[in-house]
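Asker: Have a look at this one.
The values are calculated or read from the model by the stated rules, or taken from the named source; none is laboratory data. Note that the structure is predicted; figures quoted are calculated from it, not measured. For neighbour counting, all protein chains shown are included, and Cβ atoms are generated from backbone atoms with ideal geometry for every residue, glycine included. Note: areas computed on protein heavy atoms with side chains; ligands, DNA, RNA excluded. Shrake-Rupley method; radii C 1.70, N 1.55, O 1.52, S 1.80 Å.
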Amino acid sequence: MNTITTKDGVEIFYKDWGQGQPIVFHHGWPLSSDDWDAQMLFFLKHGYRVIAHDRRGHGRSTQVGDGHDMDHYADDLAELTVHLDLKNAIHVGHSTGGGEVVRYLGRHGESRAAKAVLISAVPPLMVKTQANPGGLPKDAFDGLQMQLAANRSNFYRDLASGPFYGFNRPSAKASEAIIQNWWRQGMMGGAKAHYDGIVAFSQTDFTEDLKKIRLPVLVMHGDDDQIVPYADSGPLTAKFLKNGTLKTYKGFPHGMITTQADTINSDLLAFVKADAKAAAA
């Protein structure tokens, strides 16, 4: 397996396929790089080098007991980008992975990056605070931790078969294969990493990171996202970015990179190509 060992001794698994401009995919909680299969195969076919890693404690990476916070996630990514000597990279993050992208760019700078895409992403801040009145109450996230600790397998099954993909909507047609693949990815990772990760994705404030980013960023969000509610995420993120573009998808769920992969892939490719043409002009 392709792995790197971080400065604090964590083995990070990664995939690295093809040649050309690198596109780095950042998965959501509690999944793995496997969640990007549809995008990696699509962009590989279009001549890009595609890279995705399993976050520490997730997938095939080491199930360590600590370091499950956005700073460590960003630092692990920085080590990976140096190890692979990535330049002019496009970073695409889904959900928690979007937070990872934002913290990486805010903490380590943009010298190795060309642009970024945030899909159904957690920034600017998920939890409700005095400064973020539109957020979700902390009790909601405490409840997620309680369900995980009580029966992680059942909890993951319920998330995948319900709100994550919008399969709980009356008009939705649930896919057993998608549900089982989500559950499989989740159960590959460590319970401690996933438990702590709920705090990381819900309580990290990315506002100052967003304000630092200068490169072009496409913000993609479905307005029927039941995991990261639209109103307090995508539109606010786009406002904080210097060069951000918001694209809203009517009726799309949180897991739209899977259920609406054709639409998402097409729009991603258009953004990547348009930006490349602009840079060459």
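Asker: Assigning unit charges at the beta carbon (Lys, Arg +1; Asp, Glu -1) and nothing else, what dipole magnitude in debye, to the nearest 20, does the chain show about its Cα centre?
Answerer: With only Lys, Arg, Asp and Glu charged at Cβ, the dipole is about 680 debye.
Asker: Which of the three applies to segment 95-135, rounded, prolate or oblate, going by the alpha-carbon gyration tensor with a ≥ b ≥ c and a/c under 1.5 meaning rounded?
Answerer: It is prolate, given that a/c is not under 1.5 and a/b is the larger ratio.
Asker: Another question, if that's okay. Using every alpha carbon pair in the chain, what percent of pairs falls into each 10 Å bin from 0 up to the bin containing the largest distance?
Answerer: Computed distribution, short to long bins: 7, 32, 40, 20, 2, 0.
Asker: Distance in nm between label sites at Gln147 and Arg169, each 7 Å beyond Cα in the beta-carbon direction?
Answerer: Here the answer is 1.9 nm between the modelled labels.
Asker: I'd like the accessible area for Phe13, computed on protein heavy atoms only with a 1.4 Å probe and all protein chains in place. Round to 10 Å², please.
Answerer: 20 Å²
Asker: Report the relative contact order of segment 72-160, percent, no decimals, based on alpha-carbon pairs under 8 angstrom and at least 6 residues apart.
Answerer: 23 percent
Asker: Can you sort Arg107, Arg112, Arg184, Arg56 by solvent-accessible area, 1.4 Å probe, largest first?
Answerer: Descending order: Arg107, Arg184, Arg112, Arg56.
Asker: What nm distance separates the two modelled labels at Asn132 and Asp71, each placed 7 Å from Cα along Cα→Cβ?
Answerer: 1.7 nm
Asker: Using helices alone, what [θ] at 222 nm do you get for the chain, with -39,500 (n - 2.57) per DSSP H run of 4 or more residues, divided over all residues and rounded to the nearest 500?
Answerer: So the calculated ellipticity at 222 nm is -13000 deg cm²/dmol.
Asker: Rank by packing, highest mean first: peptides 239-246, 224-231, with packing defined as the count of other Cβ atoms within 10 Å averaged across residues.
Answerer: 224-231, 239-246
Asker: Another question, if that's okay. Can you list the DSSP H helices in the chain whose Cα atoms extend at least 24 Å along the helix axis and whose mean Kyte-Doolittle hydropathy is -1.0 or higher?
Answerer: Going by DSSP H runs, the hits are 261-280.
Asker: Give me Rg/Rg_expected for segment 183-272, where Rg uses Cα atoms only and Rg_expected = 2.2 N^0.38 Å with N residues.
Answerer: Ratio of Rg to 2.2 N^0.38 Å for segment 183-272: 1.22.
Asker: On to the next question. Run the quick spin-label model on Leu269 and Lys250: label points 7 Å from Cα toward the beta carbon, then report their separation in nm to one decimal.
Answerer: So the two model labels end up 2.5 nm from each other.
Asker: Which entries in Lys212/Lys242; Lys15/Lys45; Lys115/Lys212; Lys87/Lys247; Lys128/Lys242 show an alpha-carbon gap greater than 20 Å?
Answerer: Table pairs above 20 Å Cα-Cα are Lys87/Lys247; Lys128/Lys242.
Asker: With only Lys, Arg, Asp and Glu charged, each at its Cβ (+1 for the first two, -1 for the last two), find how big the charge dipole of segment 124-270 is about the Cα centre; round to the nearest 20 debye.
Answerer: Dipole about the Cα centre, nearest 20: 200 debye.
Asker: Okay, moving on. Given axes a ≥ b ≥ c from the Cα gyration tensor, I'd like to know whether segment 172-231 is rounded (a/c under 1.5), prolate (a/b larger than b/c) or oblate.
Answerer: Oblate is the answer for segment 172-231, as a/c is 1.5 or above yet b/c matches or exceeds a/b.
Asker: If you don't mind, another one. Could you please report the charge total around Gly166, scoring K, R as +1 and D, E as -1 over all other residues with beta-carbon less than 13 angstrom from its beta-carbon?
Answerer: My count for the surroundings of Gly166 gives 0.
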